[in-house]
């Protein structure tokens, strides 16, 4: 049964007198079924699988590069402190490859993958001609938009966990693992280090909430999936450039990517919560503003043409 057929079967329509429109009744189970169907469609696409495969490959490349460098130059200590934070610690503890891989993928790779999924959420359906059939179902545009956003957020979490799991496996395979030395210089056990790594992965996924809302809004502006994806990725690149220009330091705290690397504070002892809280607040603000804009656009204009 197709997604459109399933959505029609999942809802119920009350009887109405002749000549009058039948009222729509929506069951919570119908909404859950639509979300489940949307998740299945998203994660069965070859494009989605290819994105996840690329993300899983990044920690492998980083781990092999560090291993080769440390084997060729033992005195370098695995990078000599150069490159992104955590790289110099990977040779001493493979668990740090999780932090290094997330730090390397968060600025570009992870948000680009999210931008592809979010940008295609509505525009891709319109371009394929399936959006109008989804809107025939009794949930209405608001619920459909919420399901699309929820699916994008699930992808954010899955993509982040794929990077973390790949990095953990490669780090354990290529390097020793054990007690973790925090940024503050306080050692913690390997078990607590794993919990910190899980918390970092969740924090990274939460950092993409605002950008996912931006991509969903862009997706409601056009009927071309490719145009929506390209625009979303272009906005990401533009914001990252603005965030790197010192002369714009007055504007940078309001950019959705400014506090992305605050997850490093989870590796301090005690944990620093200030910038983590600012990051979550910023993501919530972007989600509220661009989510509302996406809702206004999607519910008020003809996006099925």
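The values are calculated or read from the model by the stated rules, or taken from the named source; none is laboratory data. Quick caveat, the model's predicted, so the values are computed rather than measured. Glycine gets a Cβ as well: all are built from the backbone with ideal geometry, and neighbour counts include every protein chain shown.
Within the span defined as the stretch 270-288, every residue fails to be crowded, with 20+ Cβ neighbours inside 10 Å and at pLDDT below 90. Just checking, does the stretch 116-134 include any residue being modelled with pLDDT of 90 or more, assigned to a helix (DSSP H, G or I), surrounded by fewer than 17 Cβ atoms within 10 Å (Cβ to Cβ) and more than 24 Å from the chain's Cα centre (by Cα)? No.
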